1. Let me confirm something: among A:29, A:43, which residue is among the polar types (S, T, N, Q) and modelled with pLDDT of 90 or more?
2. Pick from B:301, B:334: which is closer than 30 Å to residue B:288 by Cβ and at pLDDT 95 or above?
3. Test residue B:278 against the criterion of being more than 14 Å from every other protein chain (Cβ to nearest Cβ), surrounded by 24 or more Cβ atoms within 10 Å (Cβ to Cβ) and not aromatic (Phe, Trp, Tyr), and give yes or no.
4. Looking only at the stretch B:384-402, count how many residues are within 26 Å of the chain's Cα centre (by Cα), surrounded by fewer than 20 Cβ atoms within 10 Å (Cβ to Cβ) and among the hydrophobic types (A, V, I, L, M, F, W, C).
5. In the stretch A:34-51, which residue that is within 14 Å of chain B (Cβ to nearest Cβ) and touching a residue at least 12 places away in the same chain (Cβ under 8 Å) is surrounded by the most Cβ atoms within 10 Å (Cβ to Cβ)?
6. Got a sec? Which helices (runs of 4 or more DSSP H) wholly within the stretch B:21-86 have at least 3 residues that are under 22 Å from residue B:142 (Cα atoms) and under 23 Å from the mean Cα position of the chain (by Cα)?
7. Restricted to the stretch B:288-317, and to residues that are of a type outside the set (A, V, I, L, M) and part of a helix (DSSP H, G or I), which residue is surrounded by the fewest Cβ atoms within 10 Å (Cβ to Cβ)?
8. Name the residue that is nearest to residue A:33 (Cα to Cα), counting only residues in the stretch A:77-113 that are part of a loop (DSSP other than H, G, I, E, B) and among the aliphatic types (A, V, I, L, M).
Amino acid sequence: MKLVIAIIQPHKLEAVKRELEAVDVNLMTVTNVLGQGRQKGLTEIYRGAKEAGGLLNKVRLDIAVNEDFVEPTIKAITKGAHTGGVGDGKIFVVELAECIRISSGECGGGAIG
Amino acid sequence: MNSGDTAWVLMASALVLLMTIPGLAFFYGGLVRRKNVLSILMQCFIIVCVISLQWMLFGYSLAFGPDFHGIIGKLDWIGLAGVGATPNPDYTKTIPHSVFMIFQAMFAIITPALIIGAYAERVKFSAFLVFTLLWTTFVYDPLAHWVWGVGGWMRTLGALDFAGGIVVHVSSGISALVLALLLGKRVGYNHRPIRPHNLPFTVLGAALLWFGWFGFNAGSALAADGLAANAFITTHIATAAAGLTWALVEWWHNGSPTILGAATGAVAGLVAVTPACGFVNPMNAMFIGMIVAVICYIAVAIIKGKLGYDDSLDAFGVHGVGGAVGTIATGFFAEKAINAAGTDGLLFGNAHQLYVQSLSLIVTVAFAAIMTFVIFKIVDVIIGMRVEEHNEIVGLDLTQQSEAAYTVIE
């Protein structure tokens, strides 16, 4: 089991969801986050006080998948979120030790999908 | 008695109340961080409650009661004794004395509320309450008597302050600077600019201030007449000029016009035209608006950063500096053709008026600064003006009021 964490541009969320659903990945957790990458943020000014590089709005997806879904998930996210410019985001894949479905108590790979 | 005048001043009183709540409350409330927004709303709201009672019990009598050597009003009108439906010809013959009293009550309310901008996000609520009551009693009430009370020494000297440039804005602005210096900076200030948590609130508040200010300035004519109309128009023109000028200046200086800048400029314009509105013509009101926007911009965006004091919401930079600009500008642009009860300023050949305005300004600054210093020290020793650092970091809403403005999780 793996946990796929993707940081994407907010306006790409719908496209990424469509691509994920096309490869039968339907379960995800989505949060609003702030961040900056190589492109840095935009300058903000309040009554002359400047803050260079304020953080930008991003969307984070947390998706738990079984091994054979890892590659399709990464491909779907990449396809949906790609523009080719800076700020497209990142995908992190980490080992997942356990997964438990709260309603039934079911554990492991069967509890993921 | 004149029913038109009475109706207008009653209406204007309600408009001035609107300036404090919700106008100023939301103007300031939007500028602080989300953990402190309720503390600002609470401070504005409770000032309305406390000062209304102070004014009824003894404040009005101290400010406008029978004169005692030009310094203070006598306590003959304590509890509003004798302040009823019969007009007081010393102030105006055409409206009930009680209507004049309640109109002035709204000025006494907003003045200490303006100071909130200096100590926002770090003052202890109990200390704030005591400070506000003492400040209104020992700074505002005497000043109002000096400038507006019959027999008051500045009024006798001939100082022009149509709606409160000296009494309201210079007094609160300079006190705000003293408080900001005595209290010290907020935790974390200087490491990064502290971002406003809700600029739409601030713009809403600024718009309500603009609206309510018609009551403040045009109401100060104490009649529904041509002078009120002139004050209404000069107020509007100066504000429009100042809002536009600020936005253009920062566009040129920083590369972007901001809504916070336009709103701040508009408030600076309202402040500066306050002493002048009943004495100047619309063209000169426009110049006052343009001048004050440039000067306040320099004070807030450049000088404050260099000097390093933390006037959190620029109560001094906008009200103190703007009030001073307006007071001096009145000595320059005033003309008898607009208001026969006033005098001509320097531009119309009377240099003496500029001297009177400057003297009144300097005395007010010295008086308000010294009194604020003394009151601060007394309250600081007895209660402690500033919250503990831990409480400041957690926020005043939770630590002073045990409530939070926004839920993050349902």
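The values are calculated or read from the model by the stated rules, or taken from the named source; none is laboratory data. If you're wondering where the values come from, they're calculated on a predicted model, not measured in any experiment. Reconstructed Cβ throughout: ideal geometry from the backbone, glycine too, with neighbour counts over all protein chains shown.
1. Working: A:43 fails: modelled with pLDDT of 90 or more.
Only one candidate passes the filter, namely A:29.
2. Numbers: B:301 fails: at pLDDT 95 or above.
B:334 is the lone residue from the list that is closer than 30 Å to residue B:288 by Cβ and at pLDDT 95 or above.
3. On the way: more than 14 Å from every other protein chain (Cβ to nearest Cβ): yes; surrounded by 24 or more Cβ atoms within 10 Å (Cβ to Cβ): yes; not aromatic (Phe, Trp, Tyr): yes.
The answer is yes for residue B:278.
4. Within the stretch B:384-402, residues that are within 26 Å of the chain's Cα centre (by Cα), surrounded by fewer than 20 Cβ atoms within 10 Å (Cβ to Cβ) and among the hydrophobic types (A, V, I, L, M, F, W, C) number 0.
5. Initially, the stretch A:34-51 is screened for residues within 14 Å of chain B (Cβ to nearest Cβ), giving A:34, A:41-51.
Next cut, touching a residue at least 12 places away in the same chain (Cβ under 8 Å) only: A:34, A:41-42.
Working: A:34: 10, A:41: 16, A:42: 12.
Looking at residues that are within 14 Å of chain B (Cβ to nearest Cβ) and touching a residue at least 12 places away in the same chain (Cβ under 8 Å), I get A:41.
6. On the way: elements: B:25-31, B:37-54, B:60-64.
Here the list reads B:37-54, B:60-64.
7. Restricting attention to the stretch B:288-317, the residues satisfying the condition of being of a type outside the set (A, V, I, L, M) are B:289, B:296-297, B:304-306, B:308-312, B:314, B:316-317.
Narrowing further to those that are part of a helix (DSSP H, G or I): B:289, B:296-297, B:304-306, B:316-317.
On the way: B:289: 30, B:296: 30, B:297: 25, B:304: 21, B:305: 15, B:306: 6, B:316: 29, B:317: 28.
Among those that are of a type outside the set (A, V, I, L, M) and part of a helix (DSSP H, G or I), it is B:306.
8. Looking only at the stretch A:77-113, we keep the residues that are part of a loop (DSSP other than H, G, I, E, B), and these are A:82-88, A:96-99, A:101-106, A:112-113.
Those left that are additionally among the aliphatic types (A, V, I, L, M): A:86, A:96-97, A:102, A:112.
On the way: A:86: 17, A:96: 22, A:97: 25, A:102: 26, A:112: 24 Å.
Going through the qualifying residues, I end up with A:86.
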